[in-house]
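Student: My questions all concern the structure below.
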Amino acid sequence: MAHLYRLSIVLSFILTVSPSLSTNTEGNALHALRSRLSDPTNVLQSWDPTLVNPCTWFHVTCDSSNHVTRLDLGNSNISGTLGPELGELRHLKYLELYRNDIGGKIPKELGNMKNLVSMDIYGNRFEGEIPKSFAMLKSLRFLRLNNNKLSGSIPRELTTLKDLKVFDVSNNDLCGTIPVDGPFASFPMESFENNKLNGPELKGLVPYDFGC
Amino acid sequence: MALGSCVSLQLLIEWIVLFLFFSEASFASNTEAEALLKWKDSLGNQSILQSWVAPENSSSRTLSPCLWRGITCDNAGNVTQINLPNVGLTGTLQYLNFSSLTNLLRLDLRENQLTGTIPSSIGVLYKLQYLDLATNLVYGTLPLSLANLTQAYELDFSRNNITGIIDPRLFPDGSAPNKTGLVSLKNFLLQKTRIGGRIPEEIGNCKFLSLLALDESRFYGPIPSSLGNLSELTVLRLSGNLFSGNIPPNIGTLSKLTDLHLLTNQLSGFVPAELGNLSSLTVLHLAENQFTGHLPQQICQGGKLVNFSAAYNNFSGPIPVSLKKCHTLYRVRLEHNQLSGFLDQDFGVYPNLTYIDLSFNKVRGELSPKWGECKNLTALRVAGNLLGGKIPDEVVLLNQLRVIDLSSNQISGELPAQLGKLSNLLVLNLKDNMLSGQVPVGIEGLSSLEDLDLSSNMLSGPIPYQIGECSKLRFLSLGMNSFKGTIPYQIGNLVGLHDLLDLSYNLLSGGIPSQFAKLTSLAQLNLSHNKLSGSIPASLSNMLSLVSVNFSHNNLEGPLPDTSIFQLADPDSYSNNKDLCGEVQGLRRCTTRANEKDGGMKKSKLVIIVASIASALFLSLALAELAYTMEVNEKSDVYSFGVLAFEVLMGKHPGELISYLHSSANQEIHFEDAPDPRLPPPAERKAVDLLSRVITLARSCTRVDPRSRPTMRTVSQLLEMKAAGSE
């Protein structure tokens, strides 16, 4: 809290001294993310919002057009929540927020990251449901949501993610049945263990999928 | 009585004059209050303007807005300021009657949600000194009547949807005396708008202009050379537009200029050497243009340069001479040019420097020990140059370093022995150099390291096992070196490895550590082109995140691990080995594992069988709970359960066995008749009994006539009894 206070003082100073923050949308999105997070080890110290883009910030990687492609904050002792602004990172390929203490719901706006290849938010305190909007992440190969407090069922819509190679939701509070179509045919059972899941959905004359 | 009536007439007139005088003062106030109230009404419900009310018992004479929120008056009761920044105002300025508010000196409505256009009537505010409408939703064009604001020293229309151009007539025309035009203008801000067109040369007539900020709008054309006449100019921000042509040399005469931002435009030609005359310069941004020629050599002549960027241009020639003694430097970005020069000779010591990027130029020389005095350095990027020499030991003193990228140079010598002192280092990229010697064991000190790339060098000796202590590693590439000896099993401790583990093209021998199984997040594994022997450990089937493997060009033999990533990999992943076997094209098929070690294996296999049945039981119990109230067609699921039970016991689809069972109606089936050929038969009698009874149950589930199949309820009860009975 004290840190946020200090930050806002610094920011208001910057606002009065220099005419404007950077107008870069992606930088502003990351700056908004920073204000939601608590960062006791100062991992985000280099995140200077007055720079013209976030591409020289540490833990941020950009492509040659100065679009953010990687956000690497795994194992960084950060807590707080995520917000809808992350959906502005339309060129993001790697969202690495694993093994922190981030809580709250997973914003459905993460489904807007059309270019996402890897989403690793395992090992946090995320709650609520897995957003159905993840079905829009057509390039997704790695989706690791394990070791959180997620509830609800595994959205059937995820079976449309043709490139999904690794899917791990183990160690959550998920219920319902496990999809069997598409990429789900090849995920090992370890990916689903330690939930309240009712096993694979059965396709047959009698539907056993009863939600939760 | 003529005299008396004259006196009383005179008194009357005086009284009337006095009356008019006083009432005019409050009358003016009333008009102002009325104008404000009328505006308030037009805005709809604005809770912030709650104080803007006419008290019920007031006459129009006593109505004073001076105590209203955001309103400031002078001693005469005239409204001189309206200050309502960031209060959530919506609506427009359409109904703000400026002609009733001509005493306004200051109008600050920034950071609201005001929409609509800027009314032309705003030009009547002839006393106005300060106008801030920034960060709203205002649209339309700048009214020409703004030229009447001859007292205005600050105008800010930034972060709005304003379109059109800057009309030259807004500025004084240079004739004396200037009748119209923004003669008093000191601060002019049009950042992030949709205004375009050229900057009129007439702007050079705003003699007092100090801050000109036009960033991120749509301006094009040349930078007017008349800007060189603005001797009071301190900040010139033109970044993020479409300006083209050259920088006018007379910009160099602006002795008070501290900030020159020309970033991200289409400027070209040579940068005038005259910029070296800017004795107050602290920030110079030339990056992302099409400049050619040399950088101005005297750029830090004033000794105050803090921030200098010229990246992503076509600059050639030397590093500016004046940078060597430019001790104030904080951030330097010169990457992606063709600059030449010498890293050791052209740079000095910079106690405030946090970030320097000289990558992708033609810089020679070496990293001199002096760089160890840049104590605040967080990023040192000189990739893709012609650096030689060695990495000085003094580098390890830079304990704030987060990123070192010296890749693609010709640096030789050894890695500093004390490298491990860089405990904050996140990225160490020394790829594609000529480094030799061994990786220091002190590498375990790199406790924050996430990316390590030492590939394409001439490093030798063993891979130190201490690398297993770099617990934050995500990416590790040691390929294309001469590493010898065995792969330390401690690499298996790097459970954070996500992106890549590449040890290819070395001289590594011995086996692949089975501890690699712990790398459950690793996506790509490349061990090719080594002398590795033995088999690929079966435990690697635990590496559930793998999408790409390469074991080719080794001396490996034996079966591939039985997960799909191994079994379905490209044949190139395994080529040129000793005797690998598996279902992959190009490899021979593996023979059956007849020589399994006995002893403890039998018991654990038995446990597996029972556990499988228990899982099937659990599944069926769960289903049975629901299914027992269902109709006749649930018997097809009972059939499926029976098939499943057989499949668990036999290790494959029962297929022909079921039809055999149907033909031999009442025969007892013993476990021995339907074994999984891969497993040894159970020795204990209890197990045999249990399994035989499960077979019988499974058989009854697969009867042809659905009505003679048990219900799932019955099945679950029978299985529960059997499970209890076997204890």
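Any read-out appearing in this document is the output of simple, stated calculations on the displayed coordinates, not a laboratory observation. Computed from a prediction, not measured in an experiment: that's the story for all the values here. Cβ atoms come from the backbone with ideal geometry, glycine included; neighbour counts cover every protein chain shown.
Student: Near A:K162, which aspartates and glutamates are there with a Cα under 17 Å away, not counting those fewer than 8 places off in the same chain?
Tutor: Cross-link targets: A:D181.
Student: Still on this structure, please answer the following. Summing Lys, Arg as +1 and Asp, Glu as -1, what charge do residues with Cβ under 11 Å from the Cβ of A:K114 carry, A:K114 excluded?
Tutor: Residues near A:K114 contribute +3 overall.
Student: Another question, then. In vacuum, with every alpha carbon of the range B:38-169 counted as one equal point scatterer, what does the Debye formula give for log10 I(q)/I(0) at q = 0.10, 0.16, 0.21, 0.23 Å⁻¹? Two decimals, please.
Tutor: The Cα Debye sum returns log10 ratios of -0.32, -0.82, -1.41, -1.66.
Student: By count of other Cβ within 10 Å, fewest leading, how are A:L33, B:L568, A:L51 ordered?
Tutor: B:L568, A:L51, A:L33
Student: Once you have a ≥ b ≥ c as the square roots of the Cα gyration tensor eigenvalues for the range B:492-573, tell me rounded if a/c is under 1.5, and otherwise prolate or oblate according to whether a/b is larger than b/c.
Tutor: Verdict is rounded for the range B:492-573.
Student: Treating the angle as unsigned and between 0 and 90°, give the value, to the nearest 10°, between the Cα long axis of helix A:2-17 and the longest Cα principal axis of chain A.
Tutor: Value to nearest ten degrees: 50.
Student: Determine the principal axes of the Cα atoms in the range B:442-550, then give the extent along each, sorted from largest to smallest and rounded to whole angstroms.
Tutor: Principal-axis extents of the range B:442-550 (Cα, largest first): 32, 31, 19 Å.
Student: Determine the shape class of the range A:89-159: with a ≥ b ≥ c the square roots of the Cα gyration tensor eigenvalues, call it rounded for a/c under 1.5, and otherwise prolate if a/b is greater than b/c, oblate otherwise.
Tutor: Here the range A:89-159 falls in the oblate category.
Student: Provide the three semi-axes, in whole Å and in decreasing order, of the ellipsoid equivalent to the range B:208-263 as defined by the square roots of 5 times the Cα gyration tensor eigenvalues.
Tutor: They are 18, 13, 9 Å, listed from largest to smallest.
Student: By the scheme Lys and Arg +1, Asp and Glu -1, what is the net charge of all other residues having a beta-carbon under 14 Å from that of B:D346?
Tutor: +3
Student: Moving to a separate point now. Would you order B:V53, B:V427, B:V79, B:V306 from fewest to most other beta-carbon atoms within 10 Å of each residue's own beta-carbon?
Tutor: Fewest-to-most Cβ neighbours within 10 Å comes out as B:V53, B:V306, B:V427, B:V79.
Student: Only four residue types carry charge here, +1 at the Cβ of Lys and Arg and -1 at the Cβ of Asp and Glu. Report the dipole size of the range A:88-212 about the Cα centre in Debye, rounded to the nearest 20.
Tutor: With Lys and Arg at +1 and Asp and Glu at -1, about 360 debye.
Student: Cβ under 15 Å from B:L101's Cβ, B:L101 left aside: what net charge do those residues give with Lys, Arg +1 and Asp, Glu -1?
Tutor: 0
Student: Continuing with this model, one more query. Determine the shielding of peptide A:182-195 by partner chains: average, over its residues, the number of Cβ atoms on other chains within 10 angstrom of each Cβ.
Tutor: 1
Student: Still on this model: Can you check what the Kirkwood hydrodynamic radius comes to for chain A, Cα pairs only, in Å to one decimal?
Tutor: Answer for chain A: a Kirkwood hydrodynamic radius of 18.3 Å.
Student: A follow-up question, please. Which entries of B:K186/B:K304; A:K196/B:K472; B:K324/B:K421; A:K149/B:K635; A:K93/A:K149; A:K108/B:K431 show an alpha-carbon separation above 30 angstrom in the structure shown?
Tutor: The answer is A:K196/B:K472; A:K149/B:K635; A:K108/B:K431.
Student: Roughly how tilted is helix A:25-36, in degrees to the nearest 10 and between 0 and 90, from the longest Cα axis of chain A?
Tutor: Taking the Cα atoms of chain A, the angle to A:25-36 is about 80 degrees.
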